[in-house]
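The values are calculated or read from the model by the stated rules, or taken from the named source; none is laboratory data. In this text, all values refer to a predicted model and were calculated from it rather than measured experimentally. Every residue, glycine as well, gets a Cβ built from its backbone with ideal geometry; the counts of neighbours run over all protein chains shown.
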Amino acid sequence: MQTTTMTDAMRPPVPAEPGAGVYSNKLGMWVFLASDVMFFTALIGSYIVLRFGMGSAWARPGAVLNVPLTGLNTFLLICSSVSMVKAYAAIADGKKYFLRKVPGKTLQDGGLKFWLLVTIICGAGFVGVQVVEYIKLVGHGFTPTGYREGSLLAEHALADPVKYGAGVAGMYGSTFFTMTGFHGFHVTCGVISMLYLYFTKVLPEKYSPQDYRGIEVIGLYWHFVDLVWIILFTIVYLI
Amino acid sequence: MTTVAHTPTEAHHAPMSFWRKYIFSTDHKIIGIQFLFVSLFFLLVGGLLAMQIRWQLGFPGKPLPGGGILPESMVSGGVILPEYYIQLVTMHGTFMVFFAIMPLLVGVYANFLIPLKIGTHDMAFPRINMWSFWLALLAGLIMLAGFFVPDGAPRAGWTMYAPLSARPDLSGATISQKLWSISIVVLGLSSVMGSVNYITTIINHRAPGMHWFRMPLSVWALFITAILAVLALPVLQGAAIMLLFDQTIGTHFFDPGAGGQPLLWQHLFWFFGHPEVYILILPAMGMVSDIIANGSRKPIFGYHSMVFAIIGIAFLGWIVWGHHMFMSGMNPTLGSTFMVSTLLIAVPSAIKVFNWMGTMWRGNLRFHVPMLNAIGFVSMFTIGGLSGIFMAATPVDIPLHDTQFIVAHLHYVLFGGSLFALFAAIPYWYPKMFGRMMSERIGKLHFFLTFIFYNMTFFPMHIIGMGGQMRRIYDPTIYDFLKPQQPLNVFISYSAFALFAVQFLFLFNFLWSLKRGKKAPQNPWEDNGMEWSLPNPAPHGNWDKTPNVYRGPYEFSAPEAGDKDYLPQYLKLPTDRDPVPAPLPAGGH
Amino acid sequence: MTTPTTHVRPNYMLIWLYLFVMTIAEVLLAFELPVSQNLKLILLLILAIWKAMLVALFFMHLKFERWRLRLIFIVPLPLAVILVTTVIMEKVF
Amino acid sequence: MRWWLPDAGSTFAGPIDALFLAILIITGIALVVVEVGLVTFVIKYRARPGRKAFYTHGSTRAEVIWTAIPAVTMVALGLISNHYWVLIKDKKSIPPNAYHVGVHGKQFEWQVTYPGPDGKLGTSDDFTVRNQLHVTVNEPVAVELSSEDVIHSLFVPEFRLKQDAVPGMHIIAWFQATKTGEFEIGCAELCGMGHYKMRARVFVHTPDDYKAWVAQQAAGGSE
């Protein structure tokens, strides 16, 4: 598979010196993920600090947020993560196809095209559900500035200030929308990148067991986004 | 993400258009040069702002010369208004830190030097590198736009302490405060892109034989700097996003009325801010190490401890941020912890200073302009480092905190440190960039005048700071206790004007030498670095064939060198064996 | 030119099942089970970290990478912990 | 012209100034060593034809020495400093007999609230005076700092007193003035365009004068 062009000969055989032991795109993605850890540290850390500063004044879990809907979303993201890793395994084994019959089995065997499509659909589904969630929340009166005056939630909060954390609703809205919003932004970026790869690289069958860098790198990003969501789901929705 | 590592370098086959070659270039050297011109421009802008600050402090109430061209919202009858003065101090700090010193050291020299010094053809991701430059420029322009919107530039100091920065009704600046946040988010993105590139390139693209402990200290310093940037900038980005949301959509992160915490901003800002301080000085230390070894014709004294000192400074840099907040009402127990970690930074810094001196000891010193400026760096950085001890000791920090003493300290580090290092680095690698030498004579004149006026400007600031003059005050003369030291303020202002004027010598030298400078020989400084195996200026794609590295970077006056007093890393002696490249990783490369 | 991946591939569907079961356990723990607030908090955090570890180790293959690559992802974590604990200590006068 | 710290006006000034002097001597020695060394090397080892530099990669012993000396010095300095830091800033160090006054920062003035004749803050006989802090000499005073809008910083150079006033936080700073007279207060944290003019005064009275002043104020005095 190695086509030795003039350009390749000029470049150092990567890595010339023992580096991280992986190709540069993957290394670069890992460094970027380390950087993203710090970005989410700023957002999540601030949430933890601010919430800690409030004592027990925070709204009770499930009072404002729709946990079953988000539970569905979590399920979607976990599914997309496993389909992503299946896509990676498929291309590493050279399965470029969509679905193929396996003798002696009823289920067809999925290839890269199938699993990446599943990932994209689940990812897009996640974003879609999040948009629906936001619209519903804002409709109920939950906004980044707190409970909107005269809204349903504001009335509830008046009736049961402890359950709805009436005193700190502003901070609740601020942290909730910032954290989940930037997570949603990351998911959206991932879906767009995967769509781009799907049409420019996966459908034309440009990946091979010798070179599947794009799939592995976007996979790392995608699993990281999933990982952040696992943490967010627990600390924002359940605690 | 997938193809960037293999952008074909058609440079060797077909001539590229002017636009591809010099404007939307992916060549690391062109990007470095683009950064150089842009950040020199911002350096000039920052300097102009500083002159206005000095005018106001030296001569409060007197009309600013040429102030007539400024609009009525900034000056009244030629006299600087308090609201404009605060914009001046805010934007001076912002421009100098984020758009002058940081891109000059990291944007220019990380881009330019890393591939050349580790013997590779370009960055790992050349296209991301190009984006990094254009985003940095965009961020700079957004920041500059602050001066031209209604209400003028941001007014909360470069540290943007909330809630002053979060509430336009308190600061008086509505639009530009938001522009500041947006600009910083964009700049953070640019820095992260650049740093991911630097780290990946250094880890994975070193030429055969360039072991970790054969890398020049400049590359080590830039590597550690990139690690600091990649981990610190996102924290600032996150904080700036929260600030932006506070300013625009009404969130309450830093709003004490709704349970927000103003100190949270300070913690996040300085958690980024202290590593940032080392981002601004480590590359300078690295380049100065290279230049001092060259000027002394001696191997650097204690190479390994120099590397570990850089790593030590970077590590300690993460656990000292609280020393910016000793007076902020932070828990005093935390203050004690931060004091100890801060004082410990003196140890690696001392190692570096003494090792530089050890390098000069029994050397054969050549006083070319880069060497002069490097010696200037060592002596001035020492003052800056030592004056830091006063403020690290918490009780002594009480009278000195937020006074002109800290202004003196930070300028000794950033001007006496980083800028002197740049005055050394720019002429040193100028031939590699442009193929010509900068004038030695003007360079020496510039060094001596700068050295004198610089000390006359910033040393007295220690004294007025001890006297208690607060930072960022518009008019010190309204205070009885500051009135007696006003003559010193006047003296500082005159020195500052002279210092600024002298910098035009450098600017002239820089621009004039582009066309008229002496043609550079291949290795003008008789240096050992990999970059000097290339013609000047270095061609696109650097080497035709990947070079081999045979030894460490500082083999000056080595016995094997024979009658020469230097032994380049790329020179193969009969006794040297060719290094063996490492095996390739799975999944592509 | 390239060397094939040498490690035995983990059973990804099994890990998916773990994640799924643990998510359900989390929701049940948060809303249905009668345990004290503090215990709930600790159990939820343990479950979340466990899930995150599963994703990082198996889906992101950290279990099969060399230490020098793992290090890249590990380095920011103590920094995050330092930042958050310090700022929280702020409140504990 | 003043070339030193402002005149001492509180009990903190003694230790702080002594520590300042100690650090000045330590850093002064280090500075002289470095600068004299540099100048000597520049003169002594300047390039001369036919000379070659001494080829060495360093000396572990020398490096251990110049690592150990700063390390020991800094740890010692840290221990000494911490003693006084705790004395000045720790909440537990505020003398129990301290006289509490409230200082409220606001763009751009200091509002000082006095406890009135009953000696307690938060009671109905409190009264507030703009930009004037009146205290008794040789008596510990605890300043309860708060802020209306942005971060301010109460700074009295003569007292070596500086403490930020942060909105949403209640911070107590204490001091004990050692001589009577009138001193200036400045704001040491950028608080907006009027930052420079956030100027106020401290009046340090003898106990009798202070009592007279409080009585006059409580009676709806001239201020």
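Results, tabulated for the structure shown:
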quantity: Qualifying residue in region B:291-314 (condition: surrounded by 24 or more Cβ atoms within 10 Å (Cβ to Cβ), out of contact with any Pro (no Cβ under 7 Å at 6 or more places or on another chain) and closer than 30 Å to D:Leu145 by Cβ); calculated: no
quantity: Out of B:Arg155, B:Arg206, sole residue that is modelled with pLDDT under 95, touching an Asp or Glu at 6+ places or on another chain (Cβ under 8 Å) and more than 28 Å from B:Leu584 (Cα to Cα); calculated: B:Arg155
quantity: Of all residues making up region B:275-331, the number that are part of a loop (DSSP other than H, G, I, E, B) and over 22 Å from the mean Cα position of the chain (by Cα); calculated: 12
quantity: Number of the condition not met by D:Tyr84 [criteria: (1) free of Cβ contacts under 8 Å to residues at least 40 places away in the same chain; (2) of a type in the set (Phe, Trp, Tyr); (3) outside the structural domain of D:Lys211 (by TED's automatic domain parsing)]; calculated: (1)
quantity: Matching entry among C:Ala30, C:Ala25, C:Ala80 (being facing chain A (nearest Cβ under 8 Å), part of a helix (DSSP H, G or I) and either within 14 Å of the chain's Cα centre (by Cα) or closer than 19 Å to A:Tyr237 by Cβ (or both)); calculated: C:Ala30
quantity: Unmet requirement for D:Cys191, which otherwise passes all of (1) closer than 30 Å to B:Gly61 by Cβ; (2) part of a strand (DSSP E or B); calculated: (2)
quantity: Residue that is surrounded by the fewest Cβ atoms within 10 Å (Cβ to Cβ), among those in region D:145-171 that are more than 7 Å from chain B (Cβ to nearest Cβ) and farther than 24 Å from D:Leu19 by Cα; calculated: D:His170
quantity: Odd one out for B:Trp131 among (1) of a type in the set (Phe, Trp, Tyr); (2) surrounded by fewer than 24 Cβ atoms within 10 Å (Cβ to Cβ); (3) touching a Leu at 6+ places or on another chain (Cβ under 7 Å); calculated: (3)
quantity: Selection count where residues are facing another protein chain (nearest Cβ under 7 Å) and either touching a residue at least 60 places away in the same chain (Cβ under 8 Å) or assigned to a loop (DSSP other than H, G, I, E, B) (or both), scope region A:40-70; calculated: 8
quantity: Selection from region B:98-132 of residues that are touching a Phe, Trp or Tyr at 6+ places or on another chain (Cβ under 6 Å) and either outside any helix (DSSP H, G or I) or within 30 Å of B:Phe59 (Cα to Cα) (or both); calculated: B:Phe99, B:Ala100
quantity: Filter result for the condition that a residue is crowded, with 24+ Cβ neighbours inside 10 Å and either small (Gly, Ala, Ser) or over 23 Å from B:Gly465 (Cα atoms) (or both), over B:Met339, B:Met438, B:Met357; calculated: B:Met438
quantity: Of all residues in region B:67-86 being in contact with a strand residue (DSSP E or B) (Cβ under 8 Å, 6 or more places away or on another chain) and in contact (Cβ under 8 Å) with a residue 24 or more places away in the chain, the one that is surrounded by the most Cβ atoms within 10 Å (Cβ to Cβ); calculated: B:Tyr84
quantity: Single residue of region D:29-39 satisfying the filter (hydrophobic (A, V, I, L, M, F, W, C) and within 8 Å of another protein chain (Cβ to nearest Cβ)) that is farthest from the chain's Cα centre (by Cα); calculated: D:Leu38
quantity: Failed item in (1) more than 10 Å from every other protein chain (Cβ to nearest Cβ); (2) out of contact with any Gly (no Cβ under 9 Å at 6 or more places or on another chain); (3) under 30 Å from D:Ser147 (Cα atoms), with B:Pro126 passing the rest; calculated: (3)
quantity: Those residues of region B:202-238 which are at the interface with chain A (Cβ under 8 Å from one of its Cβ atoms), in contact (Cβ under 8 Å) with a residue 24 or more places away in the chain, part of a helix (DSSP H, G or I) and more than 19 Å from B:Leu135 (Cα to Cα), in sequence order; calculated: B:Asn204
quantity: Top-ranked residue in region B:354-391 [being closer than 19 Å to B:Val320 by Cβ and among the hydrophobic types (A, V, I, L, M, F, W, C); ranked as nearest to the other protein chains (Cβ to nearest Cβ)]; calculated: B:Leu386
quantity: Region B:166-182, residues that are charged (D, E, K, R) and within 10 Å of chain D (Cβ to nearest Cβ); calculated: B:Arg167, B:Asp169
quantity: When residues of region D:40-61 are limited to those that are more than 9 Å from chain B (Cβ to nearest Cβ) and of a type outside the set (Lys, Arg), the one surrounded by the most Cβ atoms within 10 Å (Cβ to Cβ); calculated: D:Thr40
quantity: In region B:1-42, residue surrounded by the fewest Cβ atoms within 10 Å (Cβ to Cβ) [restricted to those that are at pLDDT 80 or above and within 14 Å of chain A (Cβ to nearest Cβ)]; calculated: B:Thr26
quantity: Region B:535-589 - residue that is within 14 Å of chain A (Cβ to nearest Cβ) and of a type in the set (A, V, I, L, M) and, of those, nearest to A:Pro209 (Cα to Cα); calculated: B:Ala586
quantity: Any chance B:Val407 is surrounded by fewer than 23 Cβ atoms within 10 Å (Cβ to Cβ), at pLDDT 95 or above and either touching a Phe, Trp or Tyr at 6+ places or on another chain (Cβ under 9 Å) or closer than 24 Å to D:Phe54 by Cβ (or both); calculated: yes
quantity: Single match in B:Pro65, B:Pro71, B:Pro60 (criterion: more than 30 Å from B:Ile30 (Cβ to Cβ), assigned to a loop (DSSP other than H, G, I, E, B) and either among the polar types (S, T, N, Q) or in contact with a Ser or Thr (Cβ under 9 Å, 6 or more places away or on another chain) (or both)); calculated: B:Pro60
quantity: Those residues of region D:173-201 which are closer than 17 Å to D:Lys106 by Cα, hydrophobic (A, V, I, L, M, F, W, C) and touching a residue at least 60 places away in the same chain (Cβ under 8 Å), in sequence order; calculated: D:Ile185, D:Cys187, D:Cys191, D:Met198, D:Ala200
quantity: Complete set of residues in region B:242-259 that are in a loop (DSSP other than H, G, I, E, B), facing chain D (nearest Cβ under 9 Å) and in contact (Cβ under 8 Å) with a residue 40 or more places away in the chain; calculated: B:Asp255
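Residue by residue, here is whether (1) surrounded by fewer than 20 Cβ atoms within 10 Å (Cβ to Cβ); (2) among the aromatic types (Phe, Trp, Tyr); (3) more than 30 Å from A:Gln210 (Cβ to Cβ); (4) within 14 Å of chain B (Cβ to nearest Cβ) holds:
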site: A:Ile78; (1), (2), (3), (4): no, no, yes, no
site: A:Gly94; (1), (2), (3), (4): yes, no, no, yes
site: A:Trp115; (1), (2), (3), (4): no, yes, no, no
site: A:Val118; (1), (2), (3), (4): yes, no, no, no
site: A:Phe142; (1), (2), (3), (4): no, yes, yes, yes
site: A:Gly150; (1), (2), (3), (4): yes, no, yes, no
